[in-house]
Amino acid sequence: MFITHHILLLLPFFFLFLTPFFLFLILYFLFLILFFLFLILFFLFLILYFLILYFLFLILFLLFLILYLLFIILRFIFIILFRFFLFLFFLILFFPFIFFLFIIFLFTAIDSGLLTHKESLPVRSVVVGDVQRAGSEAAYRVGPLRCHGDNNFWNMVFFDKETSYLHFPTFRAELSADISFLFKTTASSGLAAVPLLSVTEEWVASTEVLFSFDVGNGPLEVRVRAPRPLDDDRWHHVRAERNVKEASLAVDALPVATREAPDDGHVRLQLNSLLFIGGTASRQKGFRGCIRALRLNGVTLDLEERASITPGVRPGCPGHCSSYGPLCRKQGRCVERPRGFSCDCGLSAYTGTFCHRGNTM
């Protein structure tokens, strides 16, 4: 009882002593809570601050980019407008002069050019139009002319014996075919080309060329008669064509002869053996003379290469001057060449390809 009584007596003193301590603890924890709240608010403020700065920077960057793009577009528009008005200014300034030059060119235009394809030759006429107006005039000038050789055109051979001939592989001619060549001879008759003895080109007289072929309905012949002999040692051009409807034969500039094919019967021409040029192995009398520029279905045959390995046939052709000698003018002398001719102007007072150009002192 005594101890309990003393404890009860001491309790007020004990609580009196501990009260400040508990108050201090309470204040301390309150301070900590306030401190952490302050820190949280501070960090929230910092985050909000940086977010506001980021969005402000982003907005400013976008505004700068938009302004820069507007500047580029306005600069481009300004350059285009400046050049357009500058062009317009010079056009207005020089328009009378340009119009004057155009009028001069329109009424004084000179047509000139080079004929680079033999298909454009010969030039048979020059037409000048718009000469009926008062005060209008025109003039034309030709030359100097210079012709270059064509290897295919001058690919030629000379058959010096009537028993000589060339042979090539046959060509396709079932439904259509064409053959062309130039020949020069002094013989009154001869044979040009025979494949399979089904297609024949020959001249049976000095003034007649015969084109004959047989597709199984019997021979079909096309003839061209010339007003002058063809054995004049000059070049003559022959072209023959055949299709399922007709056959034609042209010699030089003479009218073209044609024959229609029969309405019924065979139409295919079968060629299975070699193509003979100038004669055949079985025919004693062939062609004697020169053949050049032989084309079958648009393909030129290399006659000179085959002639170099064939007895009785020589590459080239003698006697070009008999055909082209008159082209050498003003006492110029024609000189034979293996693949053509040339003009020797040594005895002439003129120069040039054909001794046609006067010397200037």
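Among the residues of region 318-340, at least one is farther than 22 Å from Val238 by Cα and of a type in the set (Val, Ile, Thr). The set of residues from region 233-256 being touching a residue at least 40 places away in the same chain (Cβ under 8 Å) and out of contact with any helix residue (DSSP H, G or I) (no Cβ under 6 Å at 6 or more places or on another chain) comprises His236, His237, Val238, Arg239, Ala240, Glu241, Arg242, Asn243, Val244, Leu249, Val251. Consider region 153-189 and keep the residues that are open to solvent by less than 20 Å² (accessible area, probe 1.4 Å) and over 23 Å from Arg225 (Cα atoms). The one that is modelled with the lowest pLDDT is Ala173. The number of residues in region 338-351 being within 34 Å of the chain's Cα centre (by Cα) and not aromatic (Phe, Trp, Tyr) comes to 4. Take the residues in region 230-266 that are open to solvent by less than 80 Å² (accessible area, probe 1.4 Å) and of a type in the set (Gly, Ala, Ser), then tell me which one is nearest to Phe213 (Cα to Cα). Among residues in region 230-266 that are open to solvent by less than 80 Å² (accessible area, probe 1.4 Å) and of a type in the set (Gly, Ala, Ser), the one nearest to Phe213 (Cα to Cα) is Ala247. Ile309 - would you say it is more than 25 Å from Asn217 (Cβ to Cβ), open to solvent by less than 90 Å² (accessible area, probe 1.4 Å) and at pLDDT 85 or above? Spelling it out, it is not the case that Ile309 is more than 25 Å from Asn217 (Cβ to Cβ), open to solvent by less than 90 Å² (accessible area, probe 1.4 Å) and at pLDDT 85 or above. Counting residues in region 256-263 that are touching a strand residue (DSSP E or B) at 6+ places or on another chain (Cβ under 8 Å) and within 30 Å of Cys321 (Cβ to Cβ) gives zero.
The values are calculated or read from the model by the stated rules, or taken from the named source; none is laboratory data. These numbers come from a predicted model, not from an experiment. Heads up, the Cβs are rebuilt from the backbone with ideal geometry, glycines too, and the neighbour counts pull from every protein chain shown. The accessibility values were calculated without ligands, DNA or RNA, using every heavy atom of the protein model including side chains. Shrake-Rupley method; radii C 1.70, N 1.55, O 1.52, S 1.80 Å.
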